Amino acid sequence: MSFDEALQAVAGVEGWMTDAQARRLWTRARSLRPGAKVVEIGSYRGRSAIVLAHAAGTDVQVIAIDPHAGNDRGPQQIHGTVDEGEADHRAFLANLERAGVAGRVRHVRAPSQSALAAVAGEVELLYVDGAHRYAPARDDIARWGGRVAAGGTMLIHDSFSSVGVTLALARLLFGSGRWRYAGRDGSLAEYRRQPVRGSERLVNAGRQVAQLAWFARNLAVKAAIVTGARPVARALGHREGPWPY
């Protein structure tokens, strides 16, 4: 299946993933070797899981982790209900089936930290899009990121957009000697598990600090949306979707 066909497969599937972000997920999953493992944290209704499953070879494991408990469902949806979680779970399964990848995705219905014991071995591609508050984002990056193999990739959604996620990046990755920043598409930031030594660490940190201007813009856009000042959000360049991502 081509990338364009994968996009068609997720047409109508709810979620927060731009076409450019989907292409980055697709490209990284497409390049994995046989026997590799993809782990997604935060699946919602399956939009990104479908792209990953279509991109990865049939001999690559794709594991989607989401408790579908009703909480942390999306922008301004930190607290939800069990019924909402069940509806998300049903939609997730139905969307995977409709896209023809139900047999390709192993779903671990558990919180991300509880799911650590359910996934054995190293991970070649990690996609983090779980709870966006600081503590859970920090734990996902630290503990699941620690499972990424040397040379592997970690993709983090809502980077330089969510306050909690951005604080976790600053704490764990800005000055890291083992994670190299590889750029972003919107709020989807890419990191490679590679040594970063000497003056390279300053350059690597500087490239990430430079994204804070975009982060400040996103905070202003969100404030404008929450207060009903959408003309201000448009003046700041917000065009796609109800929330910057």
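The values are calculated or read from the model by the stated rules, or taken from the named source; none is laboratory data. These figures come from a predicted structure and were not determined experimentally. Note: ideal-geometry Cβ built from the backbone for every residue, glycine included; neighbour counts use all protein chains shown.
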- [ ] For Ala115, state whether it is assigned to a loop (DSSP other than H, G, I, E, B) and under 19 Å from the mean Cα position of the chain (by Cα).
- [x] no
Task: Failed condition for Gly151, given (1) surrounded by fewer than 23 Cβ atoms within 10 Å (Cβ to Cβ); (2) touching a Gly at 6+ places or on another chain (Cβ under 7 Å); (3) assigned to a strand (DSSP E or B) - done: (2)
Open item on the list: Please go through region 150-193 and give me each residue that is over 14 Å from the mean Cα position of the chain (by Cα), within 20 Å of Asp72 (Cβ to Cβ) and touching a residue at least 40 places away in the same chain (Cβ under 8 Å), ordered by number.
Closed with: Val163
- [ ] Scan region 117-134 residue by residue and report those that are surrounded by 16 or more Cβ atoms within 10 Å (Cβ to Cβ), over 10 Å from Glu40 (Cα atoms) and of a type in the set (A, V, I, L, M, F, W, C).
- [x] Val119, Val123, Ala131
TODO: Would you mention how many residues in region 69-102 are out of contact with any Lys or Arg (no Cβ under 6 Å at 6 or more places or on another chain), under 25 Å from Tyr245 (Cα atoms) and not in a helix (DSSP H, G or I)?
DONE: 12
TODO: Would you point out the residue of region 194-227, among those that are assigned to a loop (DSSP other than H, G, I, E, B) and hydrophobic (A, V, I, L, M, F, W, C), that is nearest to the chain's Cα centre (by Cα)?
DONE: Ala210
Task: Hits in region 209-233 (condition: modelled with pLDDT of 90 or more and basic (Lys, Arg)) - done: Arg217, Lys222
Open item on the list: Can you tell me which of (1) surrounded by fewer than 17 Cβ atoms within 10 Å (Cβ to Cβ); (2) assigned by TED's automatic domain parsing to the domain that holds Ala118; (3) part of a helix (DSSP H, G or I) is the one Ala137 doesn't meet?
Closed with: (1)
Open item on the list: What's the number of the only condition in (1) more than 30 Å from Pro34 (Cα to Cα); (2) part of a helix (DSSP H, G or I); (3) aromatic (Phe, Trp, Tyr) that Phe174 fails to meet?
Closed with: (2)
- [ ] Could you tell me which residue of region 210-245 is farthest from Leu173 (Cα to Cα), considering only residues that are surrounded by fewer than 13 Cβ atoms within 10 Å (Cβ to Cβ) and among the β-branched types (Val, Ile, Thr)?
- [x] Thr227
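Picking from Ala53, Ala22, which residue would you name as being closer than 25 Å to Ala118 by Cβ and crowded, with 20+ Cβ neighbours inside 10 Å?
Being closer than 25 Å to Ala118 by Cβ and crowded, with 20+ Cβ neighbours inside 10 Å holds for just one of Ala53, Ala22, which is Ala53.
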